[in-house]
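Remarks on the structure that follows.
The values are calculated or read from the model by the stated rules, or taken from the named source; none is laboratory data. Not measured: the values here are computed from a predicted model. Heads up, the Cβs are rebuilt from the backbone with ideal geometry, glycines too, and the neighbour counts pull from every protein chain shown. Note: accessible area is taken over every heavy atom of the protein model, side chains too, but ligands, DNA and RNA are not part of it. Shrake-Rupley method; radii C 1.70, N 1.55, O 1.52, S 1.80 Å.
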Amino acid sequence: MMEPIKDFARQLNSNISLDENLTVRRQNRFFLLNKTLKPLASKDFFHAGIYLGKEKDGVFFPSFNLLAMIADKKANKVTVDEKTEWLFICGRDVFKRGIIRVIGSMKKGSYTLILNSYSECLGFGKVLSDLHEAKEGAVVKNILDIGDFLRREKSSSKTHS
Amino acid sequence: MMSGREFFISRYQELGWKYEDVELKQAIRINSMNAEKASLLKRLESRGIKLEKIPFLEDGYWICKSEFSVGATSEYLLGLYSIQEAAAQVPATLFTELTDKTVLDACSAPGGKTVQLADLMKNTGVIIALDIEKRRLTALSNQLERCRVENTITYNLDARQASTVGVKFDRILLDVPCSGNFATDRDWFKRRTIPDVERNAKLQREILTQAAKVLKDDGEIVYSTCSLEPEENELNMDWAVKNLNVQVEEVRCHGEKARASIFGRHLDSSVENCRRIWPSRTQGFFVCKLKKVCA
Ligand SMILES: C[S@@+](CC[C@H](N)C(=O)[O-])C[C@H]1O[C@@H](n2cnc3c(N)ncnc32)[C@H](O)[C@@H]1O
């Protein structure tokens, strides 16, 4: 059941381990409970504990909670400056000049978390070119950023107002 | 006619409040489980956001000046604070000791108070959060994810069926559906009538009845509305005292004491323990705390 999560974490060079007994799948969404929640969460809950992400058409979409959990441990991480942070949460890619620090792999095709200068996880992206070879231009393609919360709000008010 | 601006304003006057235009101030609440207060305040200040401490709230601040939306900063998106109207921050603070408790948030979406409860509980214990509208539960899930809430289970369930969850609760928040107030709805006076108010009051009594059933003997209920209408507030509390074996407890919070005599009706004297927050810098609100009467 945990494979989609583990596979995703591996792409970030992380081997995060979650307690199988406390991880539940509800339709296509995954949640991590704790010992207090577990006996109280009946089958028809809508949300429980920590939302980990969802699987759609074979692709796993992580939650920001899962990304933050991965960011706490060993994984590929890129720390960006304040201007790049702002651009990234607006959905833009990361340019080489905005990178302050790199931890782990920055090989083309790998995935990396994007952190701000407080080590808070802003999302993740795909490395477009090896950092040391890259000249100017985008080096990490934005795949998911926390600005998504605003996009979700907007799209739900469009559909429902 | 039991509707219209003049009709409602004269009722408020009878309740002791003279109508005034209201300038609502946007407010935030620091999520102390995710942020250290002093450093967050510094971060926001460095972004040019000017804040003023709300005197009657521990973690609440009014936004005095900001060049951009406080709902679009990294700090907001990372769940370090929530945008929550000042009066709406009061109800959750009325509970005593919340750590490790089993809490019901019976009408929870979009979740401003659920997140606040989780924060006050430091993510311990469990919150069972219900809402009758599924699409509003999605908004609640987004809040829970953004604010890193870990102790909540949500169900798409009518609060009047809370007993089907099969749990007895230490604390119950009833932030019930209500008629709202003019401070947050420009067309309020045009849209609302007394039959509307009475319909809501009936639903509120049904939710109260169920809450009393699932409350532990030593538990606490906090009841709140953003309605100014006594039918949904003092009169419902008088009804609860007389029908549900509960009493209204004294609380220390912002707002003025409610009246135990309303429109010529004499209510149970404990109704005075309820608080009314009339609109000014905040919207209108009504809050109180109920406990079971021990045999
Ligand atoms: C005042 S709002 C709650 C606001 C929420 N407590 C917060 O702080 O964000 C009332 C909520 O009650 C829900 N509601 C209405 N009737 C209900 C019922 N019978 N059972 C449960 N929820 C109900 C509405 O969908 C709405 O989300």
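Which condition does B:Ile194 not pass, out of (1) more than 30 Å from B:Thr102 (Cβ to Cβ); (2) of a type outside the set (Lys, Arg); (3) open to solvent by 20 Å² or more (accessible area, probe 1.4 Å), if it passes all the others?
(3)
Kindly evaluate B:Cys147 against the criterion of being modelled with pLDDT of 95 or more and more than 8 Å from the ligand (Cβ to nearest atom).
So B:Cys147 passes the test.
Could you tell me how many of the residues in region B:198-238 are within 14 Å of the ligand (Cβ to nearest atom), more than 17 Å from the chain's Cα centre (by Cα) and open to solvent by 10 Å² or more (accessible area, probe 1.4 Å)?
So the answer is 5.
For B:Phe182, are the conditions met, namely being of a type in the set (A, V, I, L, M, F, W, C), away from chain A (no Cβ under 14 Å) and either open to solvent by 10 Å² or more (accessible area, probe 1.4 Å) or over 26 Å from A:Ser63 (Cα atoms) (or both)?
Working: of a type in the set (A, V, I, L, M, F, W, C): yes; away from chain A (no Cβ under 14 Å): yes; either open to solvent by 10 Å² or more (accessible area, probe 1.4 Å) or over 26 Å from A:Ser63 (Cα atoms) (or both): yes.
The answer is yes for B:Phe182.
Exactly one condition in (1) polar (S, T, N, Q); (2) more than 8 Å from the ligand (Cβ to nearest atom); (3) within 12 Å of another protein chain (Cβ to nearest Cβ); (4) over 21 Å from A:Asp145 (Cβ atoms) is false for B:Thr114; which is it?
The one condition B:Thr114 does not meet is (2).
Considering only residues that are outside any helix (DSSP H, G or I) and within 14 Å of another protein chain (Cβ to nearest Cβ), which ones fall in region A:61-91? Steps first, please.
So in region A:61-91, the residues outside any helix (DSSP H, G or I) come out as A:61-63, A:72-81, A:90-91.
Listed by number, the residues that qualify are A:Phe61, A:Pro62, A:Ser63, A:Asp72, A:Thr79, A:Val80, A:Asp81, A:Cys90, A:Gly91.
Name the pairs whose Cβ atoms lie under 9 Å apart, with the first residue in region B:33-61 and in the same structural domain as B:Gly255 (by TED's automatic domain parsing), the second open to solvent by less than 50 Å² (accessible area, probe 1.4 Å), and 6 or more positions between them or separate chains?
Close Cβ pairs satisfying both conditions: none exist.
In region A:92-101, which residue that is surrounded by fewer than 16 Cβ atoms within 10 Å (Cβ to Cβ) and part of a strand (DSSP E or B) is nearest to the other protein chains (Cβ to nearest Cβ)?
Ranking the candidates gives A:Ile100 first.
Give me the residue from region B:167-176 that is more than 8 Å from the ligand (Cβ to nearest atom) and touching a helix residue (DSSP H, G or I) at 6+ places or on another chain (Cβ under 9 Å) and, out of that set, farthest from the other protein chains (Cβ to nearest Cβ).
Filtering region B:167-176 down to residues more than 8 Å from the ligand (Cβ to nearest atom) leaves B:167-172, B:174.
Those still in the list that are touching a helix residue (DSSP H, G or I) at 6+ places or on another chain (Cβ under 9 Å) too: B:167-169, B:171-172, B:174.
Values: B:Val167: 6, B:Lys168: 12, B:Phe169: 11, B:Arg171: 15, B:Ile172: 15, B:Leu174: 20 Å.
Only one residue tops the list, namely B:Leu174.
Just for region A:16-60: of the residues that are among the hydrophobic types (A, V, I, L, M, F, W, C) and surrounded by fewer than 17 Cβ atoms within 10 Å (Cβ to Cβ), which one is farthest from the other protein chains (Cβ to nearest Cβ)? First the steps, then the outcome.
Start the filter on region A:16-60 by keeping residues that are among the hydrophobic types (A, V, I, L, M, F, W, C), which leaves A:16, A:18, A:22, A:24, A:30-33, A:37, A:40-41, A:45-46, A:48, A:50, A:52, A:59-60.
Now restrict to residues that are surrounded by fewer than 17 Cβ atoms within 10 Å (Cβ to Cβ): A:22, A:40, A:59.
Details: A:Leu22: 11, A:Leu40: 6, A:Val59: 19 Å.
Looking at the filtered set, the residue picked out is A:Val59.
Taking the conditions exactly as written (open to solvent by 40 Å² or more (accessible area, probe 1.4 Å) and in contact with a Ser or Thr (Cβ under 9 Å, 6 or more places away or on another chain)), does B:Lys42 satisfy them or not? If you could, list the steps in order and put the result at the bottom.
On the way: open to solvent by 40 Å² or more (accessible area, probe 1.4 Å): yes; in contact with a Ser or Thr (Cβ under 9 Å, 6 or more places away or on another chain): no.
For B:Lys42, the condition - open to solvent by 40 Å² or more (accessible area, probe 1.4 Å) and in contact with a Ser or Thr (Cβ under 9 Å, 6 or more places away or on another chain) - is not met.
Taking the residues in region B:125-164 that are within 7 Å of another protein chain (Cβ to nearest Cβ), farther than 21 Å from B:Asn34 by Cα and part of a helix (DSSP H, G or I) as candidates, determine which candidate is least open to solvent (accessible area, probe 1.4 Å).
Selected residue: B:Leu137.
Of the residues that sit in region B:93-111 and are near the ligand (Cβ under 7 Å from one of its atoms) and away from every other protein chain (no Cβ under 11 Å), which one is surrounded by the fewest Cβ atoms within 10 Å (Cβ to Cβ)? Step through it out loud before you land on a result.
Initially, region B:93-111 is screened for residues near the ligand (Cβ under 7 Å from one of its atoms), giving B:105-111.
Imposing the further condition that a residue be away from every other protein chain (no Cβ under 11 Å) reduces the set to B:105-107.
Numbers: B:Asp105: 28, B:Ala106: 26, B:Cys107: 23.
Residue satisfying both the conditions and the ranking: B:Cys107.
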